[in-house]
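Student: Quick one: this structure, given as structure tokens, is what I'll be asking you about.
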Amino acid sequence: MIAEKSRAIVIRTVPFGETSSVVSLFCREFGKVRALAKGAWRPKSSFDGGLDLLSTCQVLVLRKTSGGLDLLTEAFLENRFRVGGSYRAFLGGMHVAELLEALTADADPQPELFDRAHATLRELSGLDEPADRIPALLVSAELAFLRLTGHAPALAVCAECRVPLTSHSRTPFGMLDGGCLCGRCRAGKRAVVSISVDGLAVLRLLAVQPDAWRDVALPAAVAGELRAIMTTYLSHLLGRPPRVARLLQPRMAPRQARTE
Ligand SMILES: [Zn+2]
């Protein structure tokens with residue numbers, strides 16, 4: 001076994017035996033790993049609260065050279081995820097963890113993705129009610145995660161023929177085709193929704209400017225529309241509905257992301 005240090009985000013913990021845990025970590029230096037933390041729940045363990053869900057910590061992992069679980073020997077807390085007063089912020093954090101789990105392969109380091117996920121969790125951890133910036137923050141993070149894992153939806157050109165899209169009151173968005181479609185390519189496609197001018201403008205802005213979510217004013221109708229589109233897009237990509245994202249859908253959202 002080789003001992004390696006890394007910064008890591010705790011994306012899942014499952015109790016193992018009386019006092020241990022199997023922990024899923026998204027590590028900056030060596031990607032996603034599953035490791036056994038022996039005695040994690042004993043008083044005075046060598047993990048010192050570093051294994052709380054969604055926290056960022058410095059870890060020392062003994063990597064197995066062939067199959068089986070890695071062994072986590074130390075974890076020092078760097079940032080704890082503060083649940084605070086916002087349930088939506090907590091759900092947002094859980095959604096980030098789910099996407100890191102689902103969009104990455106084991107042992108595939110992606111430092112830029114780690115940095116963006118860490119920054120998103122720090123923002124969510126500091127947000128109290130009113131939480132009106134959370135929808136734009138999450139869409140911004142989702143678009144970044146999708147870009148960094150090679151699944152960015154086409155927003156400015158047709159996903160199929162790559163011609164620049166012209167402006168219409170609503171633009172077809174092909175869930176199976178990887179984004180927006182021109183009128184010609186839309187014909188005969190399945191799983192196509194339409195996106196409003198305002199919704200598409202916000203998506204394009206969030207896709208190219210990492211900090212735009214701080215200032216973008218997201219009317220409830222647009223927030224509901226974008227949430228529905230991102231959740232549906234992720235469902236098709238993952239082959240199953242994301243577990244947390246449906247809980248993020250605003251309750252009073254008007255009919256959006258309608259099928260054409
Ligand atoms: Zn086209």
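Since every read-out is calculated from the coordinates, none of them should be taken as a lab result. All figures in this text were calculated on a predicted structure; none of them were measured in a lab. Here the Cβ positions follow ideal geometry from the backbone for every residue, glycine too, while neighbour counts run over all protein chains shown.
Student: If I take every Cα pair under 8 Å that is 6 or more residues apart in region 132-248, average their sequence separation and divide by the length, what percent do I get for the relative contact order?
Tutor: Relative contact order of region 132-248: 25 percent.
Student: With all pairs of different alpha carbon atoms counted, what Kirkwood hydrodynamic radius in Å does region 2-79 show?
Tutor: 12.0
Student: Note down the relative contact order for the chain as a percent, whole number, built from C-alpha pairs under 8 angstrom at least six residues apart.
Tutor: After rounding, I find 14 percent.
Student: Now a separate question. Pop a pseudo-label 7 angstrom from the Cα along the beta-carbon direction at both Glu4 and Ser66 and give the gap in nm to one decimal.
Tutor: About 1.9 nm separates the two model spin labels.
Student: About the Cα centre of the chain, what is the dipole size in debye to 20, counting +1 per Lys and Arg Cβ and -1 per Asp and Glu Cβ, all else neutral? Could the numbers behind the result be given before it?
Tutor: Details: 33 positive and 26 negative charges, 126 e Å.
In total the dipole reaches around 600 debye.
Student: Restricting things to alpha carbons, tell me how big region 132-248 is in terms of Rg and Dmax, in Å.
Tutor: Using the Cα atoms of region 132-248, the pair Rg, Dmax is 13.4, 39 Å.
Student: What nm value, rounded to one decimal, do you get for the distance between Glu29 and Ala152 when each label is placed 7 Å out toward the C-beta?
Tutor: It is 3.0 nm.
Student: Moving on to the next point. Return the distance in nm (one decimal) between the two label points of a simple spin-label model at Arg204 and Asn79, each offset 7 Å from Cα along Cα→Cβ.
Tutor: Going by the 7 Å Cα→Cβ label model, 3.1 nm.
Student: With all distinct Cα pairs included, what does the Kirkwood hydrodynamic radius of region 1-157 come out to in Å, to one decimal, could you say? The partial results should precede the final answer.
Tutor: On the way: mean 1/r = 0.0623 Å⁻¹.
For region 1-157, inverting the mean 1/r across all distinct Cα pairs yields 16.0 Å.
Student: Computed FRET efficiency, Cβ-Cβ of Ser235 and Lys189, R0 25 Å: what is it to the nearest 0.05?
Tutor: Details: r = 17 Å, r/R0 = 0.67.
My answer for the efficiency is 0.90.
Student: Please give the length that would be gained between Asp215 and Leu247 if that part of the chain were fully extended, namely 0.36 nm times their separation in residues minus their C-alpha to C-alpha distance (nm, one decimal).
Tutor: 9.1 nm
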